[in-house]
1. Looking at Gly69, Gly77 in this structure, which one is under 24 Å from Leu195 (Cβ atoms) and crowded, with 17+ Cβ neighbours inside 10 Å?
2. Quickly run through segment 20-46 and pick out the residues that are of a type in the set (A, V, I, L, M, F, W, C), modelled with pLDDT of 95 or more and under 18 Å from the mean Cα position of the chain (by Cα).
3. Of these, Thr168, Thr157, which one is in a loop (DSSP other than H, G, I, E, B), among the hydroxyl-bearing types (Ser, Thr, Tyr) and in contact (Cβ under 8 Å) with a residue 24 or more places away in the chain?
4. Only one of these conditions is not met by Ala139: (1) assigned to a loop (DSSP other than H, G, I, E, B); (2) surrounded by fewer than 19 Cβ atoms within 10 Å (Cβ to Cβ). Which number is it?
5. From Leu174, Leu146, which residue is in contact with a Pro (Cβ under 7 Å, 6 or more places away or on another chain), modelled with pLDDT of 95 or more and not in a loop (DSSP other than H, G, I, E, B)?
6. Filter segment 80-108 down to the residues that are crowded, with 20+ Cβ neighbours inside 10 Å and among the acidic types (Asp, Glu), then identify the one that is farthest from Pro152 (Cα to Cα).
7. So, in segment 61-95, how many residues would count as being touching a strand residue (DSSP E or B) at 6+ places or on another chain (Cβ under 6 Å) and modelled with pLDDT of 90 or more?
8. Every residue in segment 103-131 that is part of a helix (DSSP H, G or I), within 19 Å of Phe205 (Cβ to Cβ) and of a type outside the set (Lys, Arg), please.
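The values are calculated or read from the model by the stated rules, or taken from the named source; none is laboratory data. The structure displayed is predicted, hence computed values, not measured ones. Glycine also receives a Cβ, built like all others from the backbone with ideal geometry; neighbour counts cover every protein chain displayed.
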Amino acid sequence: MTDTTGHNDGRTAQEVREYLLTQLNDALRRPGMYGGETALRLYLDAVAFAHSSEQAWQQELKDLQTRRGSSSTGMRGAFQDLWGDAHEGAVASVYAEIAHRQGWLRVDRTLTSAEHDEIRRVSETWCRKDRLLSDVVTAFGPPSVLFGGNNPNYPKTLAYATDRRDDTLLCFHLWNSFAPSPSSSSAAVHAEPVLWAFQDGGTLFTDGFTFTPEGSTRRSPLRGYAPGA
């Protein structure tokens, strides 16, 4: 923007808001490339400030703590306590739900209310069997947002959303990693990520999860499971 003297006054407020929203949504989708959970918090701080929504953002954080969804080590700690692994896609999905409620999340696909309700209706029965990434997409279509990138060797979270801010972000958390190998190269544990749990709100953070058999096994303390094992 240039004034009558020819001096550049910088970006407009709208341009700043659009830039920050783009950066936030890029960071949510590929958190590892942007600095992880700390970067997501910083982007949300900036977006909230640009939209004069600091109070709403701080209330979201308080609500998350009340729901026991954030420990002294943030969302990573909450997922670590839940199932011994804190992949960044799962962490990003929680902040994305906050962004969705505030109208800041940009989705790639919007579900109808009927489609959203159908996923919620069948989720408990559907998760009684172990599922793969391809099973989720075949059953429910492309996600509204993919957290964690397209590489099948790494964990990711698929989220499904309507255009209504009050509708819960429905999330499928899938895991994969590299197995230790005696050779110089390593192979992924699974050919494609496996579903650990479906997440749908919940009064407390842990209330919102429906686990697959694989997910239930992984979170069992009897196995002595360690991430990457």
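1. Selected residue: Gly69, the only one of Gly69, Gly77 that is under 24 Å from Leu195 (Cβ atoms) and crowded, with 17+ Cβ neighbours inside 10 Å.
2. Scanning segment 20-46 gives Leu21, Leu24, Ala27, Leu28, Ala39, Leu40, Leu42, Leu44.
3. None of the other options fit; the residue is Thr168.
4. Here Ala139 meets the rest and fails (1).
5. Every option except Leu174 fails the conditions.
6. Result: Glu97.
7. 4
8. Ser123, Glu124 - these are the residues of segment 103-131 that are part of a helix (DSSP H, G or I), within 19 Å of Phe205 (Cβ to Cβ) and of a type outside the set (Lys, Arg).
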